[in-house]
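Asker: Please see the structure below; I have some questions.
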Amino acid sequence: MNPQKISATAHPLATLPASHTQAGFTLVEIMVGLVIGMLVSIVIVQVLSTFDAQKNTTTGTADAQTNGSIALFSMGRDIQQAGFALLPVTDSPLECTTITFGGTGITSISPITIVNGDESANLSASDSITIRYGTSPSGGIPTRITAAPVINDVPVQTNFGCASQDVSLIINGSTCAISRVSALTGTTTVTLDNTTAAISGANLACLGAWNTVTYAINNGNLERNGQASMSEIVNLQAQYGLSAAGLPGSDPNFNQVTQWVNAKNLADWVVAVDGASTGVDWGSNMTLASRNRIKAIRMAVVARSPKMEPTAVTTACNSLTAPQPTGLCAWAGSDSSPAPAIDLSAGDPNWLRYRYRVFDTIIPLRNVIWSKDTL
């Protein structure tokens, strides 16, 4: 027997390579792999975090752009109707110095009213705008009262354009009265709930339903008559556009806006040293002549991105009169017509850490402008 063959048979692994006897990783290899994996994970997380922050900033800015545009459009649609159905006849409704409102619940026929915001009320000094207009399909065309009323039945030349439950306006020179139509009889009689000022020769106009719409900011929402209509709208600023004082209605420039002013209330009134008031009150004590100088309004809507940035990304407006202001500004004002200030600090101490978009526009009060020959 060959001894070499016996030895090979007795040890079959002796001829295999040494590497086939090893399996798995060493501890050093495992630690190196973990470190590399952790580094890759950190890089991925940082990239995703940066991308997500940029995405939120971009989408937030886009949301602010959309919200601001829709808010401005919605308000403009109502403002364009301001004063509708108050037609410019010889005795214009806008010349009424004495108005009886009866039991209609109506308190004013002024086409538009701006109320300055109050920082102390945590409203971020945001203004509110109230618009008033009728819905008459005939546009409020007046008809002549032909005789004294018989109880509540008012004889008129024609009751065309009137409908039951319409708000009616009786105009007798500068004395006016508001009532409601309760019924129509034939084509020449209108039955009113109240016949105050309904004398022969006066005008009667049916205004349809009388709308009073108020836009205001509340808790970061634009509200229409107390109902939220658009979110992330944090400020509203508005000014009256005025024609020059004392111009006759026949002047071709009578409807030209020569100045922009903020609304004022008595608390903001300037008093001279001798105790006499200076300037013109454009607030709640505005005179009729002053009100009829309002031919347009200019307003700015401030929309905010919902994402709060880690550091300040916005600055306050540096000037209300500079031709090219920087920061969060309503628009470029002038020395004679300063722009309104946008102050968000009262509502949110972190307001500088948000991004904003400001949308401003000028809206002519066309129903007032058409009345220029009678005002």
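The values are calculated or read from the model by the stated rules, or taken from the named source; none is laboratory data. Note that the coordinates shown come from a computational prediction; the quantities given were computed from them, not determined experimentally. When we count neighbours, we look across all protein chains shown, and the Cβ atoms used for this are built from the backbone with ideal geometry, even at glycine. Areas reflect the complete protein model, heavy atoms only, side chains present, ligands, DNA and RNA absent. Shrake-Rupley method; radii C 1.70, N 1.55, O 1.52, S 1.80 Å.
Asker: Residue 245 versus (1) closer than 22 Å to residue 304 by Cα; (2) loosely packed, with under 14 Cβ neighbours inside 10 Å; (3) touching a Lys or Arg at 6+ places or on another chain (Cβ under 7 Å): which is the lone unmet condition?
Answerer: Single failed check for residue 245: (1).
Asker: Mind checking which residues of the range 136-151 are more than 9 Å from residue 207 (Cα to Cα) and either among the small types (Gly, Ala, Ser) or not in a loop (DSSP other than H, G, I, E, B) (or both)?
Answerer: 143, 144, 145, 147, 148, 150
Asker: Kindly indicate which of 188, 158, 214 is surrounded by fewer than 19 Cβ atoms within 10 Å (Cβ to Cβ) and in contact with a Pro (Cβ under 7 Å, 6 or more places away or on another chain).
Answerer: 188
Asker: Among the numbered criteria (1) part of a loop (DSSP other than H, G, I, E, B); (2) in contact (Cβ under 8 Å) with a residue 60 or more places away in the chain; (3) open to solvent by less than 30 Å² (accessible area, probe 1.4 Å), which single criterion is violated by residue 347?
Answerer: Unmet for residue 347, out of (1) part of a loop (DSSP other than H, G, I, E, B); (2) in contact (Cβ under 8 Å) with a residue 60 or more places away in the chain; (3) open to solvent by less than 30 Å² (accessible area, probe 1.4 Å): (3).
Asker: Another one. Need the failing condition index for residue 24 against (1) farther than 30 Å from residue 300 by Cα; (2) in a helix (DSSP H, G or I); (3) open to solvent by 70 Å² or more (accessible area, probe 1.4 Å); (4) modelled with pLDDT under 85, just the number.
Answerer: Going through (1) farther than 30 Å from residue 300 by Cα; (2) in a helix (DSSP H, G or I); (3) open to solvent by 70 Å² or more (accessible area, probe 1.4 Å); (4) modelled with pLDDT under 85 one by one, residue 24 breaks only (2).
Asker: Oh, and also: Mind checking which residues of the range 155-177 are out of contact with any Ser or Thr (no Cβ under 6 Å at 6 or more places or on another chain), of a type in the set (A, V, I, L, M) and closer than 10 Å to residue 203 by Cα?
Answerer: 169, 170, 171
Asker: Taking the options 213, 156, name whichever one is modelled with pLDDT of 95 or more and over 30 Å from residue 306 (Cβ atoms).
Answerer: Residue meeting the stated conditions: 156.
Asker: Tell me, please, whether a residue that is open to solvent by less than 10 Å² (accessible area, probe 1.4 Å), of a type outside the set (A, V, I, L, M, F, W, C) and at pLDDT below 75 can be found in the range 58-75.
Answerer: For the range 58-75, residues open to solvent by less than 10 Å² (accessible area, probe 1.4 Å), of a type outside the set (A, V, I, L, M, F, W, C) and at pLDDT below 75: present.
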